[in-house]
Amino acid sequence: MNHFLFALVASTAIGITAAAEPSTAVPPGTLVQLKLFTLMTTQRSQPGEVLQFEVTQDVVIHGHVVISRGTQALGSVTNAKAYDQHRPFWTLNHSHRGQLGFTISETKSVYGDVVRLSGPLTRVSQVPPRPLISWHHEGETFEAVVLLSYR
């Protein structure tokens, strides 16, 4: 009888301890704010080029930090098309802008889990439109959303 009582108390204590620990998964839909580490331009960047970002604010879920500020994040250039300077002068559209696109793909949680991201959703630091060349400068901030978290 004592062994049964001891086993019951021990399993209850383990269950309470496990319930008190925070979940290691970052919920899908969680917003993450990131800062770009490098300069990207339509003149210099190439599709497939790896981009580095840094998380600018702690991501807190139920009072626990799940992604800490300063964590590195990765992305890549998807489109880098420079303004075509060899367009004939008689064309109507003289203000055709360069095209520059990129994705923010992943970071890590404080538990070491890979967190898949989708972004950029919005550019937090707004910049005026650029007529011929597109670029994103070092320190520019963007938001991404969590898609999936896994070990």
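The values are calculated or read from the model by the stated rules, or taken from the named source; none is laboratory data. These figures come from a predicted structure and were not determined experimentally. Here the Cβ is made from the backbone with ideal geometry for all residues, glycine too, and neighbour counts use every protein chain on show.
Residues that are surrounded by 13 or more Cβ atoms within 10 Å (Cβ to Cβ), modelled with pLDDT of 90 or more, out of contact with any strand residue (DSSP E or B) (no Cβ under 6 Å at 6 or more places or on another chain) and not in a loop (DSSP other than H, G, I, E, B) occur at least once in the range 45-54. Of the listed requirements (1) farther than 18 Å from Thr30 by Cα; (2) at pLDDT 80 or above, Pro128 misses just one: (2).
Conditions tested, residue by residue: (1) within 23 Å of Tyr150 (Cβ to Cβ); (2) modelled with pLDDT under 85; (3) out of contact with any Cys (no Cβ under 7 Å at 6 or more places or on another chain); (4) surrounded by 10 or more Cβ atoms within 10 Å (Cβ to Cβ).
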residue	(1), (2), (3), (4)
Phe4	no, yes, yes, no
Ile16	no, yes, yes, no
Leu39	no, no, yes, yes
Thr103	yes, no, yes, yes
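The numbered conditions (1) surrounded by 19 or more Cβ atoms within 10 Å (Cβ to Cβ); (2) over 17 Å from Leu31 (Cβ atoms); (3) modelled with pLDDT of 80 or more are all true for Ser134 except (3).
If you go through the range 65-82 and keep only what is over 15 Å from Lys108 (Cβ atoms) and either touching a Leu at 6+ places or on another chain (Cβ under 7 Å) or at pLDDT 95 or above (or both), you end up with Ser76, Val77, Asn79, Ala80. The set of residues in the range 38-66 being more than 15 Å from Thr141 (Cβ to Cβ), in contact (Cβ under 8 Å) with a residue 40 or more places away in the chain and among the aliphatic types (A, V, I, L, M) consists of Val65, Val66.
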